[in-house]
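Engineer: Provided herewith is a single structure, encoded as structure tokens, for subsequent inquiry.
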Amino acid sequence: MAKAAIAISEPKTVVIRSSKGWTALNLRDLWVYRELVYFMTWRDLKVRYKQTALGVSWAVIQPFMNMVVFSIFFGGLAHVPTDNGIPYPIFSFVALLPWTLFTNALNNASRSLVSNQNMITKIYFPKLVLPLSSVLSGLVDFLIAFVVLIGIALYYNLTGQAHITITAALWTLIPYLLMALMTALGIALWLSALYVQYRDVGYILPFLSDILKFISPVVYSTTMIPAKWQMIYALNPMAGVINGFRWAILGTPTGPDTRLIISAVVALVILVSGMIYFRRMERTFADTI
Amino acid sequence: MKPVIQVENLGKRYRIGLAPQRYRTLSENISQALSRPFRRAGAIIRRSVGQDVLQPGEEYIWALQDINFEVQHGQVLGIIGRNGAGKSTLLKVLSRITEPTTGSVTIRGRVGSLLEVGTGFHPELTGRENIYLNGAILGMRNTEIGRKFDEIVAFSEVEQFIDTPVKRYSSGMYLRLAFAVAAHLEPEILVVDEVLAVGDVEFQKKCLGKMGDVAQEGRTVLFVSHNMSAVLRLTQESIVMEKGRLILRAPSSEAVDYYLSAGNAKAGERIWDADKVPADAAPFRPIALRLLDKTGKILDTVRSTEEFKIEMEYALAGPLTGLRIGIYLSTARGEYVLTSFDTDDQKHFEKHGSRPAGHYVSGCVIPPDFLNGGRYTLGVNASSYRVRRYFMDEQALTFNVDSSGAPGMQWAEPRPGVLRPRLEWKIETK
């Protein structure tokens, strides 16, 4: 029975030779290996909270504790203003949702090739599977943290400190989320390919995350940025994502406009250039890792 | 019918780092020092866009060179050669893990490669989960794994622990499970590297049996091994590789014979030229390995009824602590007969715990009436236990043992077994 399955799939001819210059993206190969993407994502999820006492609660604790710290220091001590007088904790938590997803995806995906080196040196598969599945596995954490957001929103509504309503704009979270994932994957494709050759990337990653956090409106509001800088500020796709999240959930005046188009174009450029670079470097991974 | 695998002018080059600096004039040195950062930066940039650049003075080796061969559908081809001959690199190119530098390979069919079992196994996952994960990594479809699941578990003999994380497995169980998944892969072309060396003897037999089945089913198999009896059992034809080149393609028995006798200097003595010893052996330097008779004459054929001496001559450029010189005696087919170290004896172990720089000979006597007739391989090794291995040559010497005059020679039949001792039999009537 098993043999029949092989007989049906006609033998395809593969020619192996040294590839010169820039190669096609070969997304078909990735499609053939889609089950591997699924299994690697599933492995990441299964393993992530193994042998931790708090288990999956970490998905919530991370953004929640950040929110507490930010609320004390930025909201309480520094009196960072929020849009429309929204309470600082929920204002920052809404930004922390996509931010935590982004920064974890960026970190895990950038390290994915080096941490799976034995697979790279022993087996053939499209290497794109590794960063891609690392990015996808962060989505589950995001969804869990989103449930907590609903809890926080309910609390503020019930105590009358804020008025958060469900609007039609909520569906836009999906494209915004996609934009965050695209950006994380795009940067990670560049960094993971460089990491194979230069371990310096491992030292750059932590402070790259920090810098990106402060040039994104996580602890403050975009409206604090002077008008003449707004277009340059929008070059950071995560600014677009966080503004969108705040607009869709909290109704801040940061809805879609020209700046979003800039952010989206930059995200796309990062992703496509990352894929091209990754494909080009892929052939040397097994030899240099 | 077109060949399933067609290899043409295949070559693979690796960079091996900068060569040591040679003596130059001062002005050269200064201009070098000034331009080096720029050239280095240039190399870094070109390498980051995937160009295979060599810096001036950088050395490289051809791990494969001018390889040409074809494999027909259903053929089982053995690949043999010493360590570093390029066998593994060849398999890596064939399984698309690494790209060749020159030439091409045309492959008609799905390739499954087993260069190592258990790749992608995660210690935290259970046996069941790892079967699915590893299957997917090896290119099996989810439904395919599901269908073969019970078979895989039964083959691995770990039914009881299938829902236990594999980090709690013994190393034997781990390897059995890993091999079981790999063995149920059903590609048209199977590329196998040494995976038979897993588990205990029983399980190895089972693995060999499974490989035999695969070969019987008419699939194409490329099989790399140092185990000559496995090569002979599983393959009809083999290629022999040496220093990155294919030097012989012949029926397996002929290829194995060639391999076993090739590269070994005059029987009975092996001499290492100082410039051919790997640099990382220092401060140890092997000089010669010899087989001597009672009078100190070099032997090329040993008589099984007489004692002979194995002698290893070597030099130490600096003092070494805990050094031990080992010999590995095995049959030409690759089965071990014995392993022995010069400091096995407690006396020697204490007295020679550290050896000052100098010239040494470590020798031992193999008693008469010990080995059966046949062809044997002698390997040597110099190491400090759990510290470092200075030098190793698994096939330093091959020699013949002539069993004429041995016990039982009145019957002209071959005697199975590695040993042919003269045992004290007593025959009593009661």
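Engineer: Please state which of the following conditions B:Ile107 fails to meet, knowing it meets all the rest: (1) more than 9 Å from every other protein chain (Cβ to nearest Cβ); (2) within 26 Å of B:Gly212 (Cβ to Cβ).
Structural biologist: Looking at each condition in turn, B:Ile107 falls short on (1).
Engineer: Here is a further query. Collect the residues in region B:162-183 that are open to solvent by 20 Å² or more (accessible area, probe 1.4 Å) and not aromatic (Phe, Trp, Tyr), keeping them in residue-number order. Can you show your working first?
Structural biologist: If we filter region B:162-183 for residues that are open to solvent by 20 Å² or more (accessible area, probe 1.4 Å), which is where we start, we get B:163-165, B:167-176.
Across region B:162-183, the qualifying residues are B:Asp163, B:Thr164, B:Pro165, B:Lys167, B:Arg168, B:Ser170, B:Ser171, B:Gly172, B:Met173, B:Leu175, B:Arg176.
Engineer: In region B:41-94, how many are at pLDDT below 90 and of a type in the set (Asp, Glu)?
Structural biologist: 3
Engineer: Where in region B:231-271 are there strands (runs of 3 or more DSSP E), lying fully within it, with 1 or more residues that are open to solvent by 10 Å² or more (accessible area, probe 1.4 Å), in contact with a strand residue (DSSP E or B) (Cβ under 8 Å, 6 or more places away or on another chain) and modelled with pLDDT under 85?
Structural biologist: B:269-271
Engineer: While we're on this one: B:Gly374: surrounded by 13 or more Cβ atoms within 10 Å (Cβ to Cβ) and at pLDDT below 85, yes or no? Show your work before the answer.
Structural biologist: Numbers: surrounded by 13 or more Cβ atoms within 10 Å (Cβ to Cβ): yes; at pLDDT below 85: yes.
Yes: the conditions hold for B:Gly374.
Engineer: Condition first: within 28 Å of the chain's Cα centre (by Cα), of a type outside the set (A, V, I, L, M, F, W, C) and facing chain A (nearest Cβ under 7 Å). Can you find one or more residues in region B:127-145 that meet it?
Structural biologist: No, because not a single residue in region B:127-145 is within 28 Å of the chain's Cα centre (by Cα), of a type outside the set (A, V, I, L, M, F, W, C) and facing chain A (nearest Cβ under 7 Å).
Engineer: Mind listing whichever residues of region B:389-412 are open to solvent by 100 Å² or more (accessible area, probe 1.4 Å) and in a strand (DSSP E or B)?
Structural biologist: Selection gives B:Arg389 alone.
Engineer: Among the numbered conditions (1) part of a helix (DSSP H, G or I); (2) within 30 Å of B:Leu115 (Cα to Cα), tell me where A:Tyr124 comes up short.
Structural biologist: Looking at each condition in turn, A:Tyr124 falls short on (1).
Engineer: Among the residues of region B:277-303, write down those that are in a strand (DSSP E or B) and modelled with pLDDT of 85 or more. Break it down into steps so the answer makes sense when it comes.
Structural biologist: Filtering region B:277-303 for residues in a strand (DSSP E or B) gives B:284-292, B:298, B:301-303.
B:Phe284, B:Arg285, B:Pro286, B:Ile287, B:Ala288, B:Leu289, B:Arg290, B:Leu291, B:Leu292, B:Val302, B:Arg303 - these are the residues of region B:277-303 that are in a strand (DSSP E or B) and modelled with pLDDT of 85 or more.
Engineer: Here are B:Glu186, B:Glu124, B:Glu159: which of them is out of contact with any strand residue (DSSP E or B) (no Cβ under 6 Å at 6 or more places or on another chain), in contact (Cβ under 8 Å) with a residue 40 or more places away in the chain and either open to solvent by 10 Å² or more (accessible area, probe 1.4 Å) or farther than 30 Å from B:Lys87 by Cβ (or both)?
Structural biologist: B:Glu186
Engineer: Open to solvent by less than 60 Å² (accessible area, probe 1.4 Å), of a type in the set (Val, Ile, Thr) and closer than 29 Å to A:Tyr277 by Cα: does that describe A:Ile144?
Structural biologist: Considered against the rule, which asks whether it is open to solvent by less than 60 Å² (accessible area, probe 1.4 Å), of a type in the set (Val, Ile, Thr) and closer than 29 Å to A:Tyr277 by Cα, A:Ile144 comes out as no.
Engineer: Could you tell me which of the residues A:Leu154, A:Leu132 is within 28 Å of A:Ile16 (Cα to Cα), hydrophobic (A, V, I, L, M, F, W, C) and modelled with pLDDT of 90 or more?
Structural biologist: A:Leu132
Engineer: Separate question: Filter region B:145-179 for residues that are under 26 Å from B:Ile107 (Cβ atoms) and aliphatic (A, V, I, L, M) and give the result.
Structural biologist: Matches in region B:145-179: B:Ile145, B:Ala178.
Yes/no per residue for (1) exposed (fewer than 13 other Cβ atoms within 10 Å of the Cβ); (2) without any contact (Cβ under 8 Å) to a residue 60 or more places away in the chain; (3) in contact with a helix residue (DSSP H, G or I) (Cβ under 7 Å, 6 or more places away or on another chain); (4) assigned by TED's automatic domain parsing to the domain that holds B:Val231:
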| site | (1), (2), (3), (4) |
| --- | --- |
| B:Thr321 | yes, no, no, no |
| B:Thr331 | no, no, no, no |
| B:Thr339 | no, yes, no, no |
| B:Cys364 | no, yes, no, no |
| B:Val387 | yes, no, no, no |
| B:Pro414 | yes, yes, no, no |
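Engineer: Is it true that some residue in region A:254-268 is surrounded by fewer than 18 Cβ atoms within 10 Å (Cβ to Cβ), in contact (Cβ under 8 Å) with a residue 60 or more places away in the chain, more than 14 Å from chain B (Cβ to nearest Cβ) and more than 22 Å from A:Met67 (Cβ to Cβ)?
Structural biologist: Yes, region A:254-268 contains at least one residue that is surrounded by fewer than 18 Cβ atoms within 10 Å (Cβ to Cβ), in contact (Cβ under 8 Å) with a residue 60 or more places away in the chain, more than 14 Å from chain B (Cβ to nearest Cβ) and more than 22 Å from A:Met67 (Cβ to Cβ).
Engineer: Any residue in region A:180-191 that is within 14 Å of chain B (Cβ to nearest Cβ), out of contact with any strand residue (DSSP E or B) (no Cβ under 9 Å at 6 or more places or on another chain), open to solvent by 20 Å² or more (accessible area, probe 1.4 Å) and of a type outside the set (Lys, Arg)?
Structural biologist: yes
Engineer: Please go through region B:70-104 and pick out each residue that is open to solvent by less than 50 Å² (accessible area, probe 1.4 Å), at positive phi and more than 9 Å from chain A (Cβ to nearest Cβ).
Structural biologist: Once the filter is applied, which keeps residues that are open to solvent by less than 50 Å² (accessible area, probe 1.4 Å), at positive phi and more than 9 Å from chain A (Cβ to nearest Cβ), region B:70-104 yields B:Gly74, B:Gly81, B:Gly86.
Each row is one residue, and each column tells you yes or no for (1) basic (Lys, Arg); (2) free of Cβ contacts under 8 Å to residues at least 60 places away in the same chain; (3) under 22 Å from A:Pro126 (Cβ atoms).
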| position | (1), (2), (3) |
| --- | --- |
| B:Asp66 | no, no, no |
| B:Phe69 | no, no, no |
| B:Arg82 | yes, no, no |
| B:Val93 | no, no, yes |
| B:Ile97 | no, yes, yes |
| B:Val105 | no, no, yes |
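Engineer: List the helices (runs of 4 or more DSSP H) that sit entirely inside region A:179-289 and contain at least 2 residues that are among the aromatic types (Phe, Trp, Tyr).
Structural biologist: A:200-215, A:237-250, A:258-282
Engineer: Still on this model: Output yes when any residue across region A:120-127 is more than 14 Å from chain B (Cβ to nearest Cβ) and of a type outside the set (D, E, K, R), and no when none is.
Structural biologist: no
Condition check ((1) away from chain B (no Cβ under 14 Å); (2) open to solvent by 10 Å² or more (accessible area, probe 1.4 Å); (3) touching a residue at least 40 places away in the same chain (Cβ under 8 Å)) across all residues:
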residue	(1), (2), (3)
A:Thr222	yes, no, no
A:Lys228	yes, yes, no
A:Trp247	yes, yes, yes
A:Arg283	no, yes, yes
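Engineer: In region A:43-76, which residues are of a type in the set (A, V, I, L, M, F, W, C), in contact (Cβ under 8 Å) with a residue 24 or more places away in the chain and within 14 Å of chain B (Cβ to nearest Cβ)?
Structural biologist: Matches in region A:43-76: A:Leu45 only.
Engineer: Moving to a separate point now. Every residue in region B:323-370 that is outside any strand (DSSP E or B), within 29 Å of the chain's Cα centre (by Cα) and under 21 Å from B:Pro283 (Cα atoms), please.
Structural biologist: Passing the criteria: B:Asp342, B:Thr343.
Engineer: Let me ask you something else. Of the residues A:Ala109, A:Ala105, A:Ala59, A:Ala95, only one is open to solvent by less than 20 Å² (accessible area, probe 1.4 Å), under 21 Å from A:Met238 (Cβ atoms) and touching a Gly at 6+ places or on another chain (Cβ under 6 Å); which? Spell out how you get there, then give the answer.
Structural biologist: Values: A:Ala109 fails: touching a Gly at 6+ places or on another chain (Cβ under 6 Å); A:Ala59 fails: touching a Gly at 6+ places or on another chain (Cβ under 6 Å); A:Ala95 fails: touching a Gly at 6+ places or on another chain (Cβ under 6 Å).
Selected residue: A:Ala105, the only one of A:Ala109, A:Ala105, A:Ala59, A:Ala95 that is open to solvent by less than 20 Å² (accessible area, probe 1.4 Å), under 21 Å from A:Met238 (Cβ atoms) and touching a Gly at 6+ places or on another chain (Cβ under 6 Å).
The values are calculated or read from the model by the stated rules, or taken from the named source; none is laboratory data. All figures in this text were calculated on a predicted structure; none of them were measured in a lab. Methodologically, a virtual Cβ is constructed for each residue, glycine included, from the backbone with ideal geometry; neighbour enumeration extends over all protein chains shown. What goes into the accessible areas is simple: the full protein's heavy atoms, side chains included, and nothing from ligands, DNA or RNA. Shrake-Rupley method; radii C 1.70, N 1.55, O 1.52, S 1.80 Å.
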